[in-house]
1. Rounding to the nearest 10 and keeping the result within 0 to 90°, find how far the Cα-based axis of helix 232-244 lies from the longest principal axis of the chain.
2. In degrees between 0 and 90, to the nearest 10, how far off the longest principal axis of the chain does helix 279-289 point, with axes built from Cα atoms?
3. For the pairs K185/K228; K116/K229; K27/K228, note any where the Cα-Cα span goes beyond 25 Å.
4. With each label point set 7 Å from Cα along the Cα-Cβ vector, what nm distance links T100 and D244?
5. Of the peptides 179-192, 52-65, 198-211, how do they stack up when ordered by the mean number of other Cβ atoms within 10 Å, highest first?
6. For the stretch 97-157, what is the Kirkwood hydrodynamic radius in Å, using each pair of distinct C-alpha atoms?
7. So which aspartates and glutamates pass the test for K203, namely a Cα distance under 15 Å, with those fewer than 8 places away in the same chain ruled out?
8. Identify the trypsin sites (Lys or Arg not before Pro) of the stretch 85-153 meeting these criteria: DSSP loop state and at most 14 other C-beta atoms within 10 Å of the C-beta.
Amino acid sequence: MADLDGLKPNKEFFTDVPQETEGFFLKGSNQLDWGMKNRLARIFNPKSGNTVMLAFDHGYFMGATTGLERIDQTINPLIPHADTLMLTRGVLRSMVPADTPKSIVLRVSGGPSILKELSNEGIAVDIEDAIRLNVCAMAVQVFIGGEYEKESILNMTKLVDLGNRYGIPVLAVTAVGKDMVRDAKYFRLATRICAELGAHYIKTYYVDEDFDTVTSCCPVPIVIAGGKKRPELDALKMARSAIDEGARGVDMGRNIFQSDSPIAMLEAVRAVVHEGASPEAAFELFNSKKG
Ligand code: 5RP
């Protein structure tokens, strides 16, 4: 029987205080459902509004990329220093400890290897498996201007439909063909198409000129990929400029795990992304933590 004796009487109804109706800290995301917002808030830090995603999904088309030959040895020690892990389900299940508190962005597109036409991807993970793995977002490559442009866009829209059904955000990754120009005009086109067709956030590359026009006309958050390995100070300068020009974080791989001191580099990137550090101050931090 319910214990109804000695119940505390209601005391304060706050009748003259309107209920708080908070907005959501990420642009373009305020009208999403609770589960979707909750997952985004596990990827992006609600305090800084930004994220440091550690990308190590390269093997899904490149095989054992330099620095990723033994993920248990090289990447697992980095996990505590990242906000989010971007990886494939194979690596997640075989290498990443299941007790990690980190949010997972699962690579769900795939198909061709570097030996074939890369834009010919399909959806390579069933939504049920993404749910089973408790992921916070699904990442899909979109090849605007590529040979299989339409198919890659439709991969994305199918995932957006599934993601909306189950409350899982979709990260559209804008992939640029080798012979295509990487400039603000191209990225304005690519990111806007992905956002218009429903992507919840978008990964793109930083460009030196007019990157702020890319972030400004994209209605949802943008994060930048790191790209090929460059000297640490240069990578930190790129991250600083991207954040200053409207990016909400980085999804960085090779510039972290191919650094001589990956943990120091990850900490330096965090200082830029979350604490507003200058590239020079972050580079000093890198040097002090190196080794
Ligand atoms: C591969 C990816 C990678 O995750 C992305 O390119 C980030 O890694 P990097 O900083 O090494 O470029 O999406 O398609």
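1. Helix 232-244 sits at roughly 50 degrees to that axis.
2. The angle comes out at about 90 degrees.
3. Pairs exceeding 25 Å: K27/K228.
4. So the label points at T100 and D244 sit 3.2 nm apart.
5. 198-211, 52-65, 179-192
6. With all distinct Cα pairs of the stretch 97-157 included, I get 12.6 Å.
7. D57, D183, D212, E245, D251
8. For trypsin sites (Lys or Arg not before Pro) across the stretch 85-153 that sit outside H, G, I, E and B with at most 14 neighbouring Cβ atoms in 10 Å, the list reads K116.
No value in this document is a laboratory result; all are computed from the given coordinates. Note that this is a predicted model, so its numbers are computed, not measured. With ideal geometry, Cβ positions are generated from the backbone for all residues, glycine too; neighbour counts draw on all protein chains shown.
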